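This report concerns only the one structure given below.
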């Protein structure tokens, strides 16, 4: 999904996003499950030196030998009608109901869209992150949300955070990040303004 482009642009970026998600599926060259951080929350520490990621919580949807890809879950940008979002994506659907809160998912490809959602919803292009959460990047998931047939819980984000091989590990060694187990309540339900503080407090309880 891409904002601010004609329909053909949207289709091309759906393909791009689908390729990114396909790369996240487990493969023979992936690290063992105990070493991969896929499905974990990546939480910025108070010592984070990059202002783009200050006080962010990221759902890691891929972590393997090629690097990592994650989506920021606590930076809402705007709330708008589903119909207007669909129109901007090149899919005029005047029957789309409701509103959607749009998040800044990260500094890379800020016009590429992803929907993080509860795992009961599934399409051919859906990638399961873990048993609770999946990610889909297609216009159809938005169409389904607009007609009340989408996932029970959903978070719509544009952009993502990406790391090359070994880059995330180096940043973690420098104590810019720590990880916490993914929690659907923190992902979907907790007020966004306190998500980072709640994640930080969980780390304190674990120490």
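The values are calculated or read from the model by the stated rules, or taken from the named source; none is laboratory data. Keep in mind that this is a model prediction, so the values were computed, not measured. We place every Cβ from the backbone using ideal geometry, glycine too, and count neighbours over all the protein chains shown.
Among all residues of the stretch 103-110, there is at least one that is assigned to a loop (DSSP other than H, G, I, E, B), surrounded by 22 or more Cβ atoms within 10 Å (Cβ to Cβ), modelled with pLDDT of 95 or more and touching a strand residue (DSSP E or B) at 6+ places or on another chain (Cβ under 8 Å). In the set 205, 192, only one residue is at pLDDT below 95 and farther than 23 Å from residue 65 by Cβ; that residue is 205. Within the stretch 45-74, being out of contact with any strand residue (DSSP E or B) (no Cβ under 7 Å at 6 or more places or on another chain), assigned to a strand (DSSP E or B) and farther than 19 Å from residue 180 by Cβ holds for one residue alone: 64.
Within the stretch 75-95, how many residues are surrounded by fewer than 23 Cβ atoms within 10 Å (Cβ to Cβ), in contact (Cβ under 8 Å) with a residue 40 or more places away in the chain, touching a helix residue (DSSP H, G or I) at 6+ places or on another chain (Cβ under 7 Å) and part of a loop (DSSP other than H, G, I, E, B)? Qualifying residue count, the stretch 75-95: 3. Sub-8 Å Cβ pairs linking a first residue in the stretch 48-72 that is on the phi > 0 side of the Ramachandran plot and in contact (Cβ under 8 Å) with a residue 40 or more places away in the chain to a second residue that is part of a helix (DSSP H, G or I) and surrounded by 15 or more Cβ atoms within 10 Å (Cβ to Cβ), at least 6 apart or interchain, are 55/196; 67/168, ordered by first then second residue. The set of residues in the stretch 160-201 being under 13 Å from residue 43 (Cβ atoms), exposed (fewer than 15 other Cβ atoms within 10 Å of the Cβ) and in contact with a strand residue (DSSP E or B) (Cβ under 9 Å, 6 or more places away or on another chain) consists of 181 alone. With respect to being buried (at least 21 other Cβ atoms within 10 Å of the Cβ), in contact with a helix residue (DSSP H, G or I) (Cβ under 6 Å, 6 or more places away or on another chain) and at pLDDT 95 or above, residue 133 falls outside the description.
Table: residues versus (1) in contact with a helix residue (DSSP H, G or I) (Cβ under 7 Å, 6 or more places away or on another chain); (2) within 22 Å of residue 132 (Cα to Cα); (3) at pLDDT below 95.
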position	(1), (2), (3)
2	yes, no, yes
11	no, no, yes
30	no, yes, yes
33	no, yes, yes
44	yes, no, no
54	no, no, no
60	no, yes, no
65	no, no, yes
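Across the stretch 167-183, a minimum of one residue is classified as in a helix (DSSP H, G or I) and in contact (Cβ under 8 Å) with a residue 40 or more places away in the chain.
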